[in-house]
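The values are calculated or read from the model by the stated rules, or taken from the named source; none is laboratory data. What you see is a predicted model; the values in this text were computed from it and never measured. Cβ placement follows ideal geometry from the backbone for every residue including glycine, while neighbour counts extend to all protein chains displayed. Just the protein is used for accessible areas: all its heavy atoms, side chains included, with ligands, DNA and RNA removed. Shrake-Rupley method; radii C 1.70, N 1.55, O 1.52, S 1.80 Å.
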Amino acid sequence: MPTTITSQGRTPLRRSLVLAACGLALALLLAFTAALYAFVWEPARRDVTNAQLRLASGQVEARLRHLVGRVESIVSLNRDWGQRGLVDLDDPAAFNRLFMPLLMHGPRISSMVVADETGRELLLLREPDGRWRNRLTDPQRHPGS
């Protein structure tokens, strides 16, 4: 029967070697986990996050370009109508007939203002409850307003 020689209060050599091996394995496992996190997980997470941000910003930019393009075409159309004399600031009913369809079926625009070189302007506004309102501003008749 083999006997182990131990002094009192000391651990046998076999136990200390097993504990050292387990400690080394645990330290290697922790180092491997830290390296995996730092060199694989974090860069992959950053790449996925950046890709999602690029996709979202591209979608927002496309929507914005589409909206701005539609607004530019409406502005161009309104300028042409004004140059041809189709817009009459003295006739709000005709103004409404001309511009209401653009506001109802066009891009998300809630109001339209047309002005002339004297500073007079006519506003067509869709209110939150769906009603339409006109406002005529004439600085010659009402200076300072």
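Annotations
- Average Cα contact separation per residue, the chain, under 8 Å, 6 or more apart, as relative contact order %: 11 percent
- Using the 1.4 Å probe convention, the accessible area of the chain works out to 81 Å² per residue with neighbouring protein chains retained.
- Per principal axis, descending, Cα span of the chain in whole Å: 119, 29, 27
- Counted as membrane-span-like here are DSSP H helices of the chain whose alpha-carbon atoms extend 24 Å or more along the helix's own axis and whose Kyte-Doolittle mean is 0.5 or above; these are 13-36.
- Mean residue ellipticity, 222 nm, helices only, the chain: the sum of -39500 (n - 2.57) across DSSP H runs of n ≥ 4, divided by residue count and rounded to 500, is -19500 deg cm²/dmol.
- Candidates Phe39, Leu89, Cys22 compared by Cα position along the dipole of the chain: farthest toward the positive end lies Cys22, with charges placed on Cβ.
- Apportionment of accessible area to carbon and sulfur, the chain, percent (1.4 Å): 60 percent
- Calculated FRET efficiency for the pair Arg84/Glu127, C-beta based, R₀ 41 Å, to 0.05: 0.85
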